[in-house]
Amino acid sequence: MALTSRTLTDRLFTFMGISSILLLAAFLLVLLTPITVRGIGAFVFRGTVEHRRMQLELFEAGNKADLEAEMAIVSEARRPVYEMIAAFEKEIESEGFLASRKYAEPLQAVKDELHLLLGPAPGQERPVMDRDKFGQTRWDRAQVVLHHFLYDKQYDYSNPNEMGTPIDVPRVNAFKGTSLEPLFAYVEQNLEKMLLPKVTFYWGFLTQTSYDSHYFGGVWAELLGTFYLTVGAIVFAVPMGVVSAIYLVEYAPAASRLVQLIRTCISTLAGVPSIVFGLFGLAFFMNTVGVSRSKSVLAGSLTLSILILPLVIRASEEAIRAVPHTYREASLSLGAGKWRTIVRVILPSALPGILTGIVISMGRAAGETAPIIYTAAVSVGLPLSLKETLSQPTPALPWNIYNLATEHQRVDEIRHVQYGMVFTLVMLVLLLNSVAIYARAKISKRLRG
């Protein structure tokens, strides 16, 4: 090849490599920026007095004296709201049946929106569901509910060629000329006094359990469950994977058809959809072997270990092959046996590469959803002790992210929880990977002397 052509080819491949790196960086930036920005919103936000009241009642967190002082302030600000509603109810009652019937539905809608915004009215019976015991705990959500309080969504069907167009109709129009008309302006102008929002650093999102399907509380149970499943998968997969790699490289005859079949099976397993591993775990570990009577962390960890086993085997095999052959020859020439050479010379030299495979496998195990649906994950649950992992299922971040995003009754009201879970999962994977990378670097440095 001519020198000019070789130079041109080198520059072309250099340009393609740099372009690929920049494209990957741009993709990661586009993907991670909204996750990071909105995920941090689960930890740092403007919390209302209802959030502080919820924290004290459900988790016994906060200062009771300070909360009582704040509740006295907001009660005074909310008092005109309930007085106007009571005066309006007396007004329509005095006007007779027709007035009561006319305003019954609009008035009930106003009460429902106020309940969502401020919580139960004074003297109202204490609701059973936790979500109904408190008003809006976040100021951003309070702004959304305020809009629903001020405007009634209706649809315009005037154009017969189009679907109904949503329009916002002020609710105050239904109460023109009545004693309830000033209510809407009062709530809009004094909402901040009625909720007292403050900047809140909510680290309880990581340390508290959830209440009422993640309306309140944190993700400690899901975080702990994901950690159990990931570590359990690594504990089962790494010994099997490393031993298999040692056999394939050091003991198995290269030309054997059986060995070639084994390698083909390993490569095939690496491309099998994860949902298949979940069904296999259900059929084999639970129904055939019976490691647990129902879903459990143990069954999920075993299933995930089979899922990541091909990755561990391949990475370990390549790391062992990369050890210079002279290391083996030097060890054997000094009188060491084959197994002693493998344990004392080859594996320590290959350990950085093996850890690389473990890091990649760990990230995949932490983020998998399909395998644990059938074997380990539940939508709601308490944090498990180490002993309970042998027989009990657990919430897990991947499954609960999917569940909250697709099946929750009020999915739009807990978007911050979904993004907070995704952000927490990304940080957990980065933390586990960082620990593994740090360990690999220390081992490599020690081997270099």
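The values are calculated or read from the model by the stated rules, or taken from the named source; none is laboratory data. It should be emphasised that the depicted structure is a prediction, and the values quoted were computed from it without experimental measurement. Neighbour counts are summed over all protein chains in view; Cβ atoms, including those assigned to glycine, are modelled from backbone coordinates with ideal geometry.
Let's see how each residue does on (1) under 24 Å from Ala237 (Cβ atoms); (2) buried (at least 18 other Cβ atoms within 10 Å of the Cβ); (3) of a type in the set (Val, Ile, Thr):
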site: Pro348; (1), (2), (3): yes, no, no
site: Leu351; (1), (2), (3): yes, yes, no
site: Gly357; (1), (2), (3): yes, yes, no
site: Ala365; (1), (2), (3): yes, yes, no
site: Leu382; (1), (2), (3): no, no, no
site: Lys387; (1), (2), (3): yes, no, no
site: Gln409; (1), (2), (3): no, no, no
site: Leu428; (1), (2), (3): yes, yes, no
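In region 364-372, the condition of being in a helix (DSSP H, G or I) and over 25 Å from Val242 (Cα atoms) is met by at least one residue.
May I ask you to say which residue of Val172, Val144 is among the hydrophobic types (A, V, I, L, M, F, W, C) and out of contact with any helix residue (DSSP H, G or I) (no Cβ under 6 Å at 6 or more places or on another chain)?
One residue alone meets the criteria, Val144.
Taking the conditions (1) over 15 Å from the mean Cα position of the chain (by Cα); (2) in a helix (DSSP H, G or I) in turn, Leu384 satisfies each one other than (2). Within region 130-158, the set of residues being in contact (Cβ under 8 Å) with a residue 24 or more places away in the chain and touching a strand residue (DSSP E or B) at 6+ places or on another chain (Cβ under 6 Å) comprises Asp130, Arg138, Trp139, Asp152. Sub-7 Å Cβ pairs linking a first residue in region 396-416 that is β-branched (Val, Ile, Thr) to a second residue that is at pLDDT below 90 and not in a helix (DSSP H, G or I), at least 6 apart or interchain, are Ile414/His214; Ile414/Tyr215; Ile414/His408, ordered by first then second residue. Looking only at region 286-306, which residues are more than 23 Å from the chain's Cα centre (by Cα), farther than 21 Å from Ser244 by Cα and part of a helix (DSSP H, G or I)? Once the filter is applied, which keeps residues that are more than 23 Å from the chain's Cα centre (by Cα), farther than 21 Å from Ser244 by Cα and part of a helix (DSSP H, G or I), region 286-306 yields Met286, Asn287, Thr288. Looking across region 2-48, the residues that are part of a helix (DSSP H, G or I) and of a type in the set (Lys, Arg) come down to Arg6, Arg11, Arg38. Figure legend. Inter-residue proximity from region 329-348: first residues modelled with pLDDT of 85 or more, second residues among the aliphatic types (A, V, I, L, M) and not in a helix (DSSP H, G or I), beta-carbon distance below 6 Å, spacing 6+ or different chains. Indicated pairs: Ile346/Val323. Residue pairs whose Cβ atoms lie under 7 Å apart, sitting 6 or more positions apart in sequence or on different chains, and linking a residue in region 269-292 that is under 19 Å from Leu229 (Cβ atoms) to a partner that is in a loop (DSSP other than H, G, I, E, B) and β-branched (Val, Ile, Thr), are Phe285/Val291. Consider region 95-108. How many of its residues are surrounded by fewer than 13 Cβ atoms within 10 Å (Cβ to Cβ) and at pLDDT 85 or above? So the count comes out to 2.
You will find that of Pro127, Pro122, the residue that is surrounded by 12 or more Cβ atoms within 10 Å (Cβ to Cβ), free of Cβ contacts under 8 Å to residues at least 60 places away in the same chain and either touching a Phe, Trp or Tyr at 6+ places or on another chain (Cβ under 9 Å) or more than 20 Å from Gly47 (Cβ to Cβ) (or both) is Pro127 and no other. When restricted to residues that are in a helix (DSSP H, G or I) and either touching a Ser or Thr at 6+ places or on another chain (Cβ under 8 Å) or at pLDDT 85 or above (or both), region 405-429 contains 15. Across region 285-298, the number of residues qualifying as closer than 26 Å to Ser267 by Cβ and buried (at least 17 other Cβ atoms within 10 Å of the Cβ) comes to 1.
Quick one: is Phe88 of a type in the set (Phe, Trp, Tyr) and either touching a Leu at 6+ places or on another chain (Cβ under 8 Å) or on the phi > 0 side of the Ramachandran plot (or both)?
Values: of a type in the set (Phe, Trp, Tyr): yes; either touching a Leu at 6+ places or on another chain (Cβ under 8 Å) or on the phi > 0 side of the Ramachandran plot (or both): yes.
Here the answer is yes, as Phe88 does meet what is asked.
Before we move on, is Ala336 part of a helix (DSSP H, G or I), at negative phi and in the same structural domain as Phe280 (by TED's automatic domain parsing)?
Working: part of a helix (DSSP H, G or I): no; at negative phi: yes; in the same structural domain as Phe280 (by TED's automatic domain parsing): yes.
No: the conditions fail for Ala336.
Would you call Val44 within 35 Å of the chain's Cα centre (by Cα), of a type in the set (Val, Ile, Thr) and closer than 26 Å to Val128 by Cβ?
On the way: within 35 Å of the chain's Cα centre (by Cα): yes; of a type in the set (Val, Ile, Thr): yes; closer than 26 Å to Val128 by Cβ: no.
Criteria not met by Val44.
Specify the residue that is modelled with the highest pLDDT; the eligible residues are those in region 299-328 that are over 21 Å from Ser385 (Cβ atoms) and either touching a strand residue (DSSP E or B) at 6+ places or on another chain (Cβ under 9 Å) or surrounded by fewer than 16 Cβ atoms within 10 Å (Cβ to Cβ) (or both). So the residue we want is Arg321. Looking across region 224-241, the residues that are within 19 Å of the chain's Cα centre (by Cα), closer than 12 Å to Ser301 by Cβ and surrounded by fewer than 24 Cβ atoms within 10 Å (Cβ to Cβ) come down to Phe227, Tyr228, Val231. In region 58-94, which residue that is closer than 30 Å to Phe423 by Cα and without any contact (Cβ under 8 Å) to a residue 60 or more places away in the chain is surrounded by the fewest Cβ atoms within 10 Å (Cβ to Cβ)? Selected residue: Glu60. Can you confirm whether region 127-143 contains a residue that is in the same structural domain as Leu191 (by TED's automatic domain parsing) and within 25 Å of Gly177 (Cα to Cα)? No, that holds for no residue.
Does Gly353 qualify as being more than 15 Å from Val249 (Cα to Cα) and in the same structural domain as Met240 (by TED's automatic domain parsing)?
Values: more than 15 Å from Val249 (Cα to Cα): no; in the same structural domain as Met240 (by TED's automatic domain parsing): yes.
When the stated conditions are applied, Gly353 does not pass them.
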